[in-house]
Every structure is written in C-alpha cells, then in structure tokens.
1. Going from the alpha-carbon gyration tensor of segment 23-144, what semi-axes, largest first and in whole Å, does one get by taking the root of 5 times each eigenvalue?
2. In nanometres, what is the gap between the two model label sites at L88 and F218, each 7 Å from Cα along Cα-to-Cβ?
3. Please sort 113-124, 67-78 by packing, taking for each peptide the average over its residues of neighbouring beta carbons within 10 angstrom, highest first.
4. When R103, R168 are ordered from fewest to most other Cβ atoms inside 10 Å of their Cβ, what list results?
Amino acid sequence: MNKHRIELLDSFRCIAIVAVLLYHLTNSYIAQYPYGNYFQHIFKYGYLGVQFFFMISGFVISYTLENTPSLLSFYKNRFIRLFPAVLLCSLITFTVSRALDGRNLFGNAHQIKNFLPSLTFINPNLWKLITGIDFHWINGSYWSLWVEVQFYAIASAAYFISKKNFFRNMLLVGIAVAIAKYIQINLIGNHTAYLKLHGLLPIFVSWQYGNELFNITFYITWFLPGVFFYHLYKGIDIRKYPFTGVCGIILLFYLVRDTWVFF
C-alpha cells in the first residue's frame, strides 16, 4: 500500500455532497423558495448522501490509521484537516446570518456562544449537560461532525489496542455499539413502572439520554461497510475470517432495518 490519494473516493464524496445539497435546496425551508415544492419529490432521498459519506469515512479512516504511527498523530492530523475548514465556515455563517438574516430564520447562527460546540465538534446537548447553558450548532449540518468524532474515537481505540486484530475488533465493537440503542427502547418503553418501583429508572433514563448524546449508536452500522470495503481493497483473504459472514448478516439486518425506517 502506497501513501497515495484514491481519486475515486473524491468522486464518491462529490456524489454524497451534491445529493445532500440538492435535498436541502428542495426539501428544507420550502416556503422560502420561489419554486416551492416543485422539485421535492425528485431529491427527497438526497439526505441518504450523509449515510453514504459515513461509509466513505469508514474506508478512509481505516486507510488513515494504517498509515499513522501513533494515536496522537492521528488526532493531530484529524484536527488539522477539520478545524480550519469548520472555523472558516462558522465565521462565514455567523457573519452572513447577522448581516442578512433579518427574519431570524437561522437564529442559532446569530449567537456567538454557539461557536463552542461547533469548533469543538462536540454535541451541544453535552455542553448543556456540563455547563447548564443552552447551546446549539451554529450550522445545523455540523451534527454529522459529532458522529464522525465518535467514530474516530472508537476506530482509533480498536486499532491502536490491537493493530493485528483491528478488522475483527472493529466489526464486533461496531455491532455491539449498534445493539446498545435498543436497550432503552425495550427496557424503558416496556418496563417503566417496574424500573421506577425498584429505583432503577434514573439509570436507564440516563442511558436513553446517552443515546441522544452519543448518537454514534444510530449511525455506526454505516461506517462498518467502509471498514469492510477497505480491507477488501487492501487484498485481505476473507476466507481467513469466517466470523465476517455472521457479522455481515447482522450488519445487513441493521442496514436494511434502518434504511426501511428512513424511507
């Protein structure tokens, strides 16, 4: 493996970005558009470009980790890649909204305090939990950066704990994280009275809140195919990893289920 840029990934990124852009230009703030909802049905599934981007990220981060000497270097490189762009875009969003958004359509972009979650890539709800201050993303689309950062943490931990077993461990940990989202659905939704009676409700309520704070549980199954495709790209002999068949079936179930919910 040479340290070269895989140009096809740039094309995939372009497809994902354009899909999401067209979705927002035809399905958000419809009342503000001169064309109304005329194009809405054409691009109504464009938001799935986000999920496609997560798959690309699973591939790219796997590639990056194998070409990074240490955990510190990995996070340093991620910061250098993300922070300048987010800072520039946040400043542009803040300046333009303050100057032109007289109708306050994008109220969160007017508030300086919202630079904190945006420039740290950390969920505003987590900052609110820590400080008691009501934070928001300065640009709502930044929510996906928080998902990315959570994936970075999981993937880098799995890699640097055991580089040799990264493929296996990443699939297993990823599926475990995905399954975790159903704990609050089944326990809180169906057994609220029992948990309350035995004083256990606060624990599981905090878990439910945790699923909202650490929303990687809802999206990690989109990163895992990227990890899988990277190892195929690298030339891994899949026959040496029979467990991937089981993981693949579980992963496919989650992807089909989540996609069905999206549609």
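1. 29, 22, 13
2. 3.1 nm
3. For the peptides 113-124, 67-78, the packing ranking is 113-124, 67-78.
4. Listing R103, R168 from fewest to most nearby Cβ atoms yields R103, R168.
Coordinate-derived values only; no laboratory data. The shown structure was predicted, so the numbers you read here are calculated from the model rather than taken from an experiment. Here the Cβ is made from the backbone with ideal geometry for all residues, glycine too, and neighbour counts use every protein chain on show.
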